[in-house]
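First the structure, in the form of structure tokens, and then the observations on it.
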Amino acid sequence: MNRINFNDGINFKPATTLREPTELVAQGLVPVEDLADLEKVAARYAVAVTPDVAALIDPDDPFDPIARQYIPSSEELVVQANESADPIGDHAHSPVSGIVHRYPDRVLFKLVHVCAVYCRFCFRREMVGPGKASALSQGAYDNALAYIRAHSEIWEVILTGGDPLMLSPRRLAEIMADLAAIDHVKIIRIHTRVPVAEPQRISDEMIAALKVRGAATWVALHANHARELTGKARAACAGIVDAGIPMVSQSVLLRGVNDDAATLEALMRAFVECRIKPYYLHHGDLAPGTAHLRTTLEHGQQLMRSLRGRVSGLCQPEYVLDIPGGHGKSPVGPNYLSQANSPSDGDPCAEARYRVADYCGDVHLYPPKP
């Protein structure tokens with residue numbers, strides 16, 4: 001095998017995206033004895049591993065955190081009773097095709113149903129990939145725009161899918177212009193994995209398509225391990241930021257990928273070094289066949305406590321749980337504050353006192369005694 005050296009991983013780099021379990025076996029990324037089970041997984045859930053991602057995987061490491069995100073596993077065939085094909089309730093808040101209107105001032109606009117890579121923990125894994133509709137029809141697109149125009153409370157439109165940066169720059173520029181022409185739409189946010197998975201797509205033409213008069217563009221990058229932020233990925237992100245487009249991050253807390261304090265610290269520092277503000281750390285959703293990748297909420301809270309003392313505020317994401325059934329995101333990070341006393345009802349000037357925990361776990365009274 002021809003091997004290419006990277007600072008953050010060593011592996012061969014296939015010429016094209018790997019989409020079949022047989023290709024994964026041929027490239028040495030999975031053992032041949034797993035092929036029968038992986039064929040069953042691939043029959044249900046999409047598989048795609050780009051050359052850039054494949055180059056990061058160490059095939060000699062059975063616990064490689066990059067492989068765990070992208071390489072299918074027989075564990076995906078085990079579906080728990082509490083898992084759902086629509087774990088965050090998109091369908092319950094979809095007034096027209098392509099639109100999810102869960103919060104008053106913003107909507108998700110699901111333009112495409114394809115991605116450069118398919119994450120093994122994806123909460124839309126039943127809705128994307130081969131065999132599914134690849135994009136909205138023109139009629140559905142027009143209806144979605146009409147819905148946004150008719151609802152003046154919509155201040156922000158979040159382009160998602162699938163991955164909107166799988167669109168051509170020409171088509172993306174048209175969509176951005178259509179949205180920016182709506183007076184009450186002031187923010188267009190794009191959720192993507194492309195700068196990590198296929199950084200060459202972030203061309204000057206693509207970056208130009210992201211900028212539009214009449215609305216501010218934000219880009220949210222999904223990455224879960226610092227090794228994903230390769231030199232090429234960092235250059236792609238730098239091109240976006242240098243064009244005046246701010247970036248934030250979103251990550252998923254994943255067992256065996258980033259569920260320890262040192263790994264999360266490295267990831268958040270890498271984001272900030274790339275001028276990407278850490279935004280969300282998602283608790284794993286109850287998508288079918290993903291139990292092996294989920295942590296407990298308690299473990300996530302412990303990790304967030306650890307981060308508080310390890311990195312600056314620039315590096316702190318918000319740990320959130322998307323409540324099943326479509327009830328939205330809720331912050332679920334650790335609570336540092338509890339009430340120590342109750343003011344007397346007879347003394348309206350009496351001040352409540354609180355116990356406040358610091359990042360070391362020590363508890364202090366606030367306000368302190370005189």
All positions within the range 173-184 that are over 8 Å from G214 (Cβ atoms), outside any helix (DSSP H, G or I) and hydrophobic (A, V, I, L, M, F, W, C): I182
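Would you check if E174 is modelled with pLDDT of 95 or more and out of contact with any Pro (no Cβ under 7 Å at 6 or more places or on another chain)?
Values: modelled with pLDDT of 95 or more: yes; out of contact with any Pro (no Cβ under 7 Å at 6 or more places or on another chain): yes.
Taking the combined requirement at face value, the residue satisfies it.
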Residue match in the range 190-208 (condition: aliphatic (A, V, I, L, M), open to solvent by 20 Å² or more (accessible area, probe 1.4 Å) and in contact with a strand residue (DSSP E or B) (Cβ under 6 Å, 6 or more places away or on another chain)): no
Verdict on V257 being touching a Lys or Arg at 6+ places or on another chain (Cβ under 8 Å), crowded, with 21+ Cβ neighbours inside 10 Å and aliphatic (A, V, I, L, M): yes
Within the range 328-354, tally of residues that are at pLDDT 90 or above and farther than 16 Å from Q301 by Cβ: 1
Cβ-Cβ under 8 Å pairs, at least 6 apart or on other chains, the range 25-41 side of a type in the set (S, T, N, Q), far side part of a helix (DSSP H, G or I): Q27/A54
Count of the range 209-232 residues which are free of Cβ contacts under 8 Å to residues at least 40 places away in the same chain and part of a helix (DSSP H, G or I): 1
Residue in the range 209-225 that is modelled with pLDDT of 95 or more, over 30 Å from D142 (Cβ atoms) and among the hydrophobic types (A, V, I, L, M, F, W, C) present: yes
Members of the range 99-138 found to be more than 16 Å from the chain's Cα centre (by Cα), small (G, A, S) and surrounded by 22 or more Cβ atoms within 10 Å (Cβ to Cβ), listed by number: G129
Qualifying residues in the range 52-98 (those that are surrounded by fewer than 21 Cβ atoms within 10 Å (Cβ to Cβ), out of contact with any His (no Cβ under 8 Å at 6 or more places or on another chain) and hydroxyl-bearing (S, T, Y)) - the one nearest to T160 (Cα to Cα): S97
Qualifying positions in the range 32-91 - closer than 23 Å to L264 by Cα and part of a helix (DSSP H, G or I): D52, V53, A54, P65, I66, A67, R68, Q69, Y70
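Please state which one of L314, L281 is loosely packed, with under 14 Cβ neighbours inside 10 Å and either in a strand (DSSP E or B) or touching a residue at least 40 places away in the same chain (Cβ under 8 Å) (or both). Break it down stepwise before answering.
Details: L281 fails: loosely packed, with under 14 Cβ neighbours inside 10 Å.
Checking each option against the conditions leaves just L314.
The values are calculated or read from the model by the stated rules, or taken from the named source; none is laboratory data. These numbers were taken from a predicted model, which means no experiment stands behind them. Note that each Cβ is placed from the backbone with ideal geometry, even for glycine, and that neighbours are counted across all protein chains shown. Accessible surface areas use protein heavy atoms only, side chains included; no ligands, DNA or RNA. Shrake-Rupley method; radii C 1.70, N 1.55, O 1.52, S 1.80 Å.
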